[in-house]
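So the structure is just underneath, and the comments pick up after that.
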Amino acid sequence: MKRCLSDEALLQCYTGEGAAADQTHLGGCPACAERYRALGADMALITQALEAAPPRQRRARASGLAGWRVAASALSLMAAFTVGWSLRSSSLPQPGGGAHVVSQQVAGAGQPMQLSALEPGVVQAGAAAPAAYAAYVQDAFEGDLCSEPDNPLEPGCL
Amino acid sequence: MATVSALLAEQDDFRDIYAQHQARVLRLCRLLLSDSDEAEETAQEIFLKAFRSYRSGQRPEAWNKWLTTVTVNACRDRRRSSWWKRWRGRTEEFNEFRDPDHGHGSAEDEVLRRETYKLVWGSFSKLSARQKEVFALRHLEGWSTEEVAAQLGLSTGSVKQHLFRAVHELRKGIGKDL
């Protein structure tokens, strides 16, 4: 006797497209006949459900997954804006760049001070320049200003 | 936009066609869209299209097949254009069944039936668009495998495969694994 029918062959028998040999087998095999009967019952139930029961879906507008999607989109937009803004800032010319260097040198203990920090343009333009100037003036009053002994270019060192 | 009922009042001859096919087209839309509201809107659009065709003198030999073809295409367009609705998100829960023919059994039977229907619709909504189309046309509309293949631009073997997978998933959904 032929082996039992595959699920696919069984479905083809159900849809009327089964091979003659499969149909013959179905008539003589109780196991396949039982599977065929179960398939028919399931198909009838499925058909009944799909024909008689139009669905009403409950929409989840502002909750669950939708909420997560909105939050993720907002975060992405904020991140993109931040990156774009920082790139824009870094591409612009930095006013008072020299003063930046001076302020870093002043902040470091025992580091030499450069006079370029006192140039009017530099002092006015750099954001850290006033602090550097204040530190310089304080050092000038307290002495111990000279980085090199007898340097004529450094006031108070002569 | 004119409604179908207004157009029907204008053209009596079209009323028979509408009465004959409306329920079938609506059912097919529901199956392919898995959403009653969208299905009703789409069915309305399909009959407006059919009416314009009718009035312009372009009348198909077989309205049945013509309407089915238009319905499949309209539902496909609808699915593509409804990305926003899907993006908003929705639950998979089907919580209301309008089924006036039932409800005569016991309360227990009724609950059981509703649960089974929910499972079937839940499984059906998870099928791929192609599987839904094949299942609806082959099994519910009663088209032959060759007709479905020609309509959807598939081989007959592919149609059989899609149908087999659809049936497998639906049976699995109601707890009857093959």
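No lab work stands behind these numbers, since they all come straight from the coordinates. The structure displayed is predicted, hence computed values, not measured ones. Cβ coordinates were reconstructed from backbone atoms using ideal geometry, including for glycine residues, and neighbour counts include every protein chain displayed.
Placing R0 at 41 angstrom, the Cβ-Cβ distance between A:A38 and B:R59 gives a FRET efficiency of 0.35 after rounding to 0.05. Applying the Karplus relation 6.51 cos²θ - 1.76 cosθ + 1.60 with θ = phi - 60° to segment B:32-42 yields 3J(HN,Hα) values of 7, 9, 6, 7, 4, 5, 5, 5, 5, 4, 5 Hz, where x marks Gly and Pro.
Per-residue Karplus couplings for segment A:7-15, computed as 6.51 cos²θ - 1.76 cosθ + 1.60 with θ equal to phi - 60°, are listed in order as 4, 5, 5, 5, 5, 5, 4, 5, 7 Hz, Gly and Pro entered as x.
Using the Cβ-Cβ distance between A:T47 and A:S86 with R0 = 41 Å, the FRET efficiency computed as 1/(1 + (r/R0)^6) comes to roughly 0.10.
Across peptide B:137-144, what mean number of C-beta atoms from other chains lies inside 10 Å of a residue's C-beta?
Numbers: counts 0, 1, 6, 4, 0, 0, 0, 3.
Shielding by partners across B:137-144 averages 2.
Shielding value for B:117-123 is 5, the average number of Cβ atoms from other chains within 10 Å of each residue's Cβ. Put a dot 7 Å past the Cα of A:T24, heading toward its Cβ, do the same for B:T156, and the two dots end up 2.1 nm apart.
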